[in-house]
Amino acid sequence: MDKALYIAMTGAVQNMQAQAIRANNLANVNTTGFKADFEQARSMPVFGDFYPSRAYALTENPATNYNPGWLQETGNDFDVAIKGDGWIAVIGPDGTERYTRIGNLSIGPNGQLYTGNNLQVLGEGAPIVIPEFDKIEIGLDGTISIRPRGQGPQELAQIDRIKLVNPPLEQLEKDENGLFKLKEEGAGPVLPDANVRMVSGFLEGSNVSAVEEMIHMLSLARQYEVHVKMMSRADENAEAMARILQIG
Amino acid sequence: MHPSLWISKTGMHAQDKQLSVVANNLANVATVGFKRDRAEFEDLFYQIQRQPGAQSSQDNQIPSGLQIGTGVRVVSTQKVFSTTGFQTTEQPLDAAINGRGFFQILLPDGTIAYTRNGQFHLNSDGDVVNGNGLPLEPGITVPRDTINFTIGEDGTVTVQTPGNAQPQQLGQITLVDFVNPGGLQAVGSNLFLATGASGDPVEGTPGQDGLGFLKQYTLESSNVSVVEEMVNMITTQRAYEMNSKVIATADQMLQFVNQNV
């Protein structure tokens, strides 16, 4: 059997997976703080005790697009967006520190501060708990000040500061929940960075570029067709060979 | 089958829900005391198809893996408790809360519901009730021959009756507040119920403990911003279209393989 058939087949299969990454980006075109994933194909030569004449295609997502999304004005005191680089530190579902740009915060029944996907926001050392208040203000550097319930404006109290970090992007990767974590297993928590700036009253939109994703979609679809064409051509070759053998 | 089909399906599904939220907000653009909803999107979990750092052969390592996201969902809808405006009316039984706080309404089963809608009426017994006939809590009964009905900023209700030079104090409207109003459960008819997420109601006198003052002859407008909802509607529609385009593309790919192999 001609090996070309198998090589074309892996091309088509890997192409479908690339398509799935693009589809996921497009599905999240409206998701707050979403970061689009890249897809790339790489040649994987077949190694062994023979002449390395074949290379299979392999799809991978080598990185995430860390460009900031557009800022959408909401006017809500609890909506924050990070200006430029940086991340909000939260406690992930497994209890470890994770980083996110999802800034639609809300308050739990006991005053805990949560992100829009229900993860507790870390402050200076521990998850943030906010006492009862009349007015809340989240400052540029993540400092939370409140006017306690029933108190006058002169009683402003500084509660805590949202832990904002800015580790080098090459150390980060997306985990299976769409949060960001350090690539290196067991690496300690990142130290807060005083230079990260956030604005309240805004939300960061998804950084998916719809047009770019559509173009990738179409080009992947055409590539897929080429792979399928190759498969049918390999089939034709096999048929021709069979005919020749019959005549002989 | 093609994974993109299912991923884009979640996209269309989420946009569908978003449109319902927008439609409900727009439908309530003139509802007194209505608080708009906001749908919050979340990306679904990622499937690790190939672990980064795994061996591709005995001597070779894969430098980066393959994680495929599985789509999107609407994780929650959040009530936005901002206040946008007040309208002045000529009804003495109209009251608005200028600040935090909720009126309490006694439900037929004896539990209390909470509302920002201060459009009150009188029933045949003279009780102050809401538009659905449910009494305000604590209850206030207005005498039949009342000439003048006043709600003070602190919730004190006084009436003037014929033959009495002194106004007569009828009762006191109290308000309640919640730590997390966003966690209240909307049950329709402008009413909310307390939940575990909202925390317990804290009752108090209007104007004290951070509760808002009461303003008579005033109603609180809906906080739906028409322009914002329209823009939401447009982006929702486009996102929906793009997700359906992905489905069409994936379908064409499958069709192509069916026809050619």
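The values are calculated or read from the model by the stated rules, or taken from the named source; none is laboratory data. This structure is a prediction, so every number in the text was calculated from the model and none was measured. Virtual Cβ from ideal backbone geometry, glycine too; neighbours counted across all protein chains shown. Side chains are part of the model used for accessible areas, which takes the heavy atoms of the whole protein and leaves out ligands, DNA and RNA. Shrake-Rupley method; radii C 1.70, N 1.55, O 1.52, S 1.80 Å.
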Net +/- balance of residues flanking residue A:174 in space, Cβ distance below 11 Å, scoring K and R +1, D and E -1: -1
Total charge dipole magnitude, the stretch A:87-138, about the Cα centre, Cβ charges on Lys, Arg, Asp, Glu only, Debye to nearest 20: 180 debye
Whole-percent carbon and sulfur share, accessible surface of the protein assembly as shown, 1.4 Å: 52 percent
Listed residues B:74, B:231, B:176, most fluctuating in chain B (Gaussian network, C-alpha, under 10 Å): B:231
Max mean-square fluctuation residue, GNM over chain A, Cα-Cα springs under 10 Å, options A:214, A:44, A:16: A:44
Relative contact order computed over the stretch A:6-90 (Cα-Cα under 8 Å; 6+ residues apart), in percent: 28 percent
Total charge dipole magnitude, the protein assembly as shown, about the Cα centre, Cβ charges on Lys, Arg, Asp, Glu only, Debye to nearest 20: 1200 debye
Summed buried accessible surface, chains A and B, 1.4 Å probe, nearest 100 Å²: 4900 Å²
Interface residues in the stretch B:24-40 - accessible area drops by 30 Å² or more relative to the isolated chain, probe 1.4 Å: B:38, B:40
Chain A: most fluctuating residue of A:43, A:206, A:53 per GNM, C-alpha cutoff 10 Å: A:53
Pairs beyond 19 Å (Cα-Cα), from B:9/B:245; A:83/A:163; B:17/B:79: none
Separation of alpha-carbon centers, the stretch A:1-19 and the stretch A:75-123, rounded to whole Å: 42 Å
Per-selection Kirkwood Rh - chain B (Cα, Å, 1 d.p.): 22.3 Å
Surface accessible to a 1.4 Å probe, per residue, for the residues of the stretch B:108-261, Å²: 49 Å²
Within-13-Å neighbourhood charge of residue B:172 [Cβ basis; K, R +1; D, E -1]: -4
Residues along the stretch A:115-155 losing 10 Å² or more of accessible surface when the other protein chains are present rather than the chain by itself (probe 1.4 Å): A:116, A:117, A:118, A:132, A:133, A:134, A:149, A:150
Surrounding net charge for residue B:104, when Lys and Arg each add one and Asp and Glu each subtract one, Cβ distance under 15 Å: -4
Karplus 3J(HN,Hα) series, Hz, for the stretch B:111-122 with 6.51 cos²θ - 1.76 cosθ + 1.60 (x for Gly, Pro): 7, 10, 10, 10, 8, 9, 7, x, 8, 9, 9, 10
q = 0.08, 0.09, 0.13 Å⁻¹, the protein assembly as shown: log10 I(q)/I(0) [Debye, one scatterer per Cα]: -0.63, -0.75, -1.21
